[in-house]
Amino acid sequence: MARVLPRYPVYVISKGRWQNPLTAKFLRADRVPFRVVVEPQERADYAASIGADRLLVLPFGNFGLGSIPARNWVWEHARAAGYERHWILDDNIHFVRRRYRGMRLPCNSGVAFAVIEDFADRYENVAIAGMNYEMFLPDTQKHAPFRVNVHVYSNLLILNDLPYRWRGRYNEDTDLCLQVLSGGWCTVSFNAFMVKKVQTMTTRGGNSA
């Protein structure tokens with residue numbers, strides 16, 4: 001049986017977390033193609049951890065602007081490669097789960113990415129799509145398969161031709177979603193697929209310094 005894989009490139013932005021690259025671990029286990037975007041001073045550490053062939057090295061480092069320069073660099077990299085959309089993931093995600101009839105089922109992330117891509121590509125106005133956090137979907141409540149025009153955090157499928165870009169330093173996911181919503185575009189957060197993510201600012205690296 002052929003593997004189901006995403007059509008669009010999957011980027012993981014990471015800093016200071018080569019010793020425990022959670023997102024890279026589950027993508028590698030799921031055999032999903034991905035690239036980890038790192039700053040030049042950490043290239044050797046990440047190469048030893050996840051392999052040099054999986055790295056994209058930024059042309060800058062230690063800007064002091066959080067992840068924003070890396071996020072916008074990824075956007076332009078995907079556009080230059082001719083893709084209509086791109087995935088950008090935080091580096092502290094444990095795994096993907098499928099929510100079905102109240103159960104949280106193990107799910108290959110390639111399937112989740114492909115389903116969300118198929119959904120987004122049906123419409124002309126879906127600017128951002130992604131999976132909800134597992135912690136926001138308690139088993140004691142019923143949840144629709146997806147919600148529209150809400151925030152999408154930490155795993156975003158972004159339409160490349162948007163006139164907006166990442167900005168600020170913190171809560172940048174919320175800011176980007178608000179930009180596209182104010183421009184009349186749509187966001188979609190999937191409850192049918194969920195990510196389990198480490199709570200923000202609880203692990204070293206990233207913006208925690």
Subject >> the chain: calculated mean residue ellipticity at 222 nm from DSSP helix runs of at least 4, using -39500 (n - 2.57) >> reply: -8000 deg cm²/dmol
**OP:** For Lys15, go through the lysines and keep the ones whose alpha-carbon is under 20 Å away, minus same-chain ones fewer than eight residues off.
**Re:** Lys25, Lys196, Lys197
Original post:
On average, how much accessible surface per residue is there in the stretch 18-147, in Å², for a 1.4 Å probe, leaving out ligands, DNA and RNA?
Top reply: 51
Original post:
Of Phe60, Phe95, Phe26, which has the largest mean-square fluctuation in a 10 Å C-alpha GNM of the chain?
Top reply: Phe60
**OP:** Taking GluC sites (Glu not before Pro) as candidate sites, keep only those in a DSSP loop with at most 15 other Cβ atoms within 10 Å, then name the longest stretch of the chain containing none of them.
**Re:** 125-209
Original post:
Over all directions, what mean area does the Cα convex hull of the stretch 2-89 project, stated in square nanometres?
Top reply: 5.9
**OP:** Compute the separation of the alpha-carbon centres of the stretch 14-71 and the stretch 124-203 and state it in Å as a whole number.
**Re:** 22
Original post:
Roughly how many percent of the accessible protein surface of the chain is carbon and sulfur, given a 1.4 Å probe and a whole-percent answer?
Top reply: 52
Original post:
Scaled to the compact-protein estimate 2.2 N^0.38 Å, what is the alpha-carbon radius of gyration of the stretch 79-134, rounded to two decimal places?
Top reply: 1.28
Original post:
Considering the alpha-carbon set of the chain alone, what are its Rg and its Dmax in angstrom?
Top reply: 16.2, 47
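The values are calculated or read from the model by the stated rules, or taken from the named source; none is laboratory data. Because the structure is predicted, anything quoted here is derived from the model rather than measured. Using ideal geometry, Cβ is built from the backbone for each residue, glycine included, and neighbour counts are taken over all protein chains shown. Each accessible area value is taken on the protein alone, full model and side chains, heavy atoms only, with ligands, DNA and RNA left out. Shrake-Rupley method; radii C 1.70, N 1.55, O 1.52, S 1.80 Å.
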